[in-house]
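What follows is a single structure, written as structure tokens, with notes after it.
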């Protein structure tokens with residue numbers, strides 16, 4: 001599932017291709033991914049120039065020269081691509097933006113859970129969707145205020161996009177491991193020091209993921225993500241990835257918190 005690091009990687013890819021380019025054709029191969037009327041989108045986009053890109057959480061924005069934004073949300077399997085000839089269109093291309101340069105930008109989505117829509121501005125979209133500040137931009141003070149005296153378990157609260165936009169399941173697990181905080185801590189019980197650790201861990205995890213272009217196999221061996229079933233890249237040919245990188249004799253535990261698969265180290269993250 002595309003999380004904040006993947007979407008930031010997509011944004012940077014698009015940024016190199018679409019800035020100052022005019023959209024000449026809005027080609028729809030499968031209208032299922034449209035969250036607005038096709039004709040309305042086509043009328044709004046064709047002839048418009050993309051002046052910048054931005055991102056908020058898991059949403060990518062193409063800013064048009066009339067002030068509006070095209071919003072790309074990638075759902076569970078969304079991606080972007082670029083091609084010039086129809087024969088080279090990526091498989092599962094649902095929508096293609098034809099640019100004045102002759103390049104075509106593909107919105108690729110095998111399972112069709114992604115959505116494309118138009119918004120008056122990023123701020124208007126953020127307000128309509130009730131999204132909190134981007135996880136890379138949230139300050140320690142904002143994070144502390146959001147947690148406040150909340151009696152909610154910490155992990156489900158961090159997954160709530162109204163608190164901060166962009167934290168997905170594996171990211172929250174990694175953040176809490178790096179911050180040495182148990183996911184079932186009640187949010188309001190965190191100390192000022194723990195909130196600072198939590199904020200620093202959010203920055204560390206997201207910036208590391210973006211640096212590696214969301215290629216998780218290249219993450220440091222000190223990251224918890226390698227303990228998940230689908231990644232043994234930190235210790236190829238062994239089962240050492242199932243154990244805590246800080247306490248090698250301690251096996252990572254898998255439980256469910258708020259219905260979500262959750263990985264923790266019982267030594268690094270005591271329940272408290």
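Just so it is clear, none of the values below were taken in a lab; they were calculated from the coordinates. Since the model is a prediction, treat every value here as computed from it, not as a measurement. Note that each Cβ is placed from the backbone with ideal geometry, even for glycine, and that neighbours are counted across all protein chains shown.
How big is the shadow of the Cα convex hull of the stretch 140-264, averaged over all directions, in nm²?
7.4
Taking the DSSP beta bridges in the chain as the whole, what percent of them are antiparallel, to the nearest 5?
95
Taking the chain as the reference, fit the longest principal axis to its C-alpha atoms, fit the long axis of helix 169-179 to the helix C-alpha atoms, and give the angle between the two in degrees, 0 to 90, nearest 10.
That works out to roughly 40 degrees.
Could you give the angle, 0 to 90 degrees to the nearest 10, between helix 192-211's Cα long axis and the longest principal axis of the Cα atoms of the chain?
50
Normalised by the residues of the stretch 191-272, what does the relative contact order come to in percent, with Cα pairs under 8 Å and at least six apart?
16
Quick one: grab the alpha carbon gyration tensor of the stretch 1-97, order the square roots of its eigenvalues as a ≥ b ≥ c, and give me rounded if a/c is under 1.5, else prolate or oblate depending on whether a/b is larger than b/c.
rounded
Distance between Cα centroids, the stretch 54-73 to the stretch 105-174: provide it in whole Å.
Distance between centres, Cα-based: 15 Å.
Got the relative contact order for the stretch 170-232 handy, in percent, Cα pairs under 8 Å and 6 or more residues apart?
Dividing the mean separation by the residue count of the stretch 170-232 yields 36 percent.
Working out 0.36 nm times the residue gap between residue 65 and residue 30, then minus their Cα-Cα distance, what length gain in nm do you get to one decimal?
10.0 nm
Normalised by the number of residues in the chain, what is the relative contact order in percent for Cα pairs under 8 Å and 6+ residues apart?
16
Show that you can apply the helix-only estimate: for the chain, add -39,500 (n - 2.57) for every DSSP H stretch of four or more residues, divide by all residues, and state [θ] at 222 nm to the nearest 500.
-8500 deg cm²/dmol
Got a sec? Which residues in the stretch 70-90 would a label at residue 16 touch, if it sits 7 Å along Cα→Cβ and we count backbone N under 17 Å?
From the stretch 70-90, the list is 80-84.
Between the stretch 1-46 and the stretch 196-222, how far is it from one alpha carbon centroid to the other, in angstrom?
The stretch 1-46 and the stretch 196-222 have Cα centres spaced 27 Å from each other.
For the residues 19, 225, what sequence is obtained by ranking on other C-beta atoms within 10 Å, fewest first?
Listing 19, 225 from fewest to most nearby Cβ atoms yields 19, 225.
Place a point 7 Å from Cα of residue 221 in the direction of its Cβ. Which residues in the stretch 243-272 have their backbone N less than 16 Å from it?
243-250
Using the basic label-point model (7 angstrom from Cα toward the beta carbon), what is the residue 76 to residue 250 distance in nanometres?
3.4
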